[in-house]
Amino acid sequence: MYLASTDQTLAKVLVAGPFGVGKTTMVDTLSETVPLHTEETMTQAGALVDDLAGVRDKNTTTVAIDFGRRTLPGNIVLYLFGTPGQRRFKPLWEDIARGALGALVLVDTRSLGDSFEVIDMIEERGLRYAVAVNVFPDAPSHPTAVLREHLDLAPQTPLVTCDARDATSSVDALIALVSHLVVHSSLDAVT
């Protein structure tokens, strides 16, 4: 059987962030295919190490990856890898990050300090990234300049707000990352 060839550009991007920030929800929202999830029920043992402040109703957690796919105009296919957010999964996170072009880092203003470790891992790996503040109903709102300073973001790092449950909002956050990657890949090619 003959299958027509399709010219596609494939790109791996991470959806990263601390525990309970909405990574699985965002992969669900963005994926044009039924996403793969490795969600497991949280146990009493996990409750001792996972801070449930702000996510008291959370009863599952990602133990490996979330995986989805999103096709952009121009036949660009983004493979979305949602990463686990807990420190104990760092070796797995490093394997998942291998070959990624960049990361969309979700943060929650109720626990901004939890984002530092994830951002550090992404920067240590040399990945370009954009930050998306996932807006929760009970989360405090802060001016962009305050968020940027608190997260210690470089001026060129995109910082946007989103609702991971909303398709348009999530796509806008993804566009911020992709635009950032395109601009910097063009600049890297020139230098």
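The values are calculated or read from the model by the stated rules, or taken from the named source; none is laboratory data. Keep in mind it's a predicted model, so treat the numbers as computed, not measured. Note that we place each Cβ from the backbone using ideal geometry, even for glycine, and neighbour counts take in every protein chain shown.
Among residues of the range 138-173 being assigned to a loop (DSSP other than H, G, I, E, B) and among the polar types (S, T, N, Q), the one that is modelled with the lowest pLDDT is 141. Number of residues in the range 116-138 that are touching a Lys or Arg at 6+ places or on another chain (Cβ under 8 Å), over 24 Å from residue 67 (Cβ atoms) and surrounded by 15 or more Cβ atoms within 10 Å (Cβ to Cβ): the value is 1.
Residues of the range 181-189 include none that is at pLDDT 95 or above and under 15 Å from the mean Cα position of the chain (by Cα). When 99, 85 are screened for being outside any strand (DSSP E or B), under 11 Å from the mean Cα position of the chain (by Cα) and either touching a residue at least 40 places away in the same chain (Cβ under 8 Å) or buried (at least 22 other Cβ atoms within 10 Å of the Cβ) (or both), only 85 passes. Report whether or not residue 178 is surrounded by 17 or more Cβ atoms within 10 Å (Cβ to Cβ) and assigned to a strand (DSSP E or B). Against the criterion (surrounded by 17 or more Cβ atoms within 10 Å (Cβ to Cβ) and assigned to a strand (DSSP E or B)), residue 178 does not qualify. Sub-6 Å Cβ pairs linking a first residue in the range 3-22 that is among the small types (Gly, Ala, Ser) and part of a loop (DSSP other than H, G, I, E, B) to a second residue that is modelled with pLDDT of 80 or more and surrounded by 10 or more Cβ atoms within 10 Å (Cβ to Cβ), at least 6 apart or interchain, are 17/23; 17/105; 17/106; 17/118; 22/106; 22/134; 22/164, ordered by first then second residue.
The condition of being modelled with pLDDT under 90 and under 18 Å from the mean Cα position of the chain (by Cα) holds for only one of 90, 58, that being 90. When residue 39 is tested against (1) in a strand (DSSP E or B); (2) out of contact with any Phe, Trp or Tyr (no Cβ under 9 Å at 6 or more places or on another chain); (3) at pLDDT 85 or above; (4) within 18 Å of residue 106 (Cβ to Cβ), just one condition goes unmet, and that condition is (3). Would a scan of the range 108-115 turn up a residue that is at pLDDT below 95, part of a helix (DSSP H, G or I) and exposed (fewer than 15 other Cβ atoms within 10 Å of the Cβ)? So far as the range 108-115 goes, yes, one or more of its residues are at pLDDT below 95, part of a helix (DSSP H, G or I) and exposed (fewer than 15 other Cβ atoms within 10 Å of the Cβ). Could you please let me know if residue 168 is exposed (fewer than 12 other Cβ atoms within 10 Å of the Cβ) and either out of contact with any Pro (no Cβ under 8 Å at 6 or more places or on another chain) or in contact (Cβ under 8 Å) with a residue 60 or more places away in the chain (or both)? Yes: the conditions hold for residue 168.
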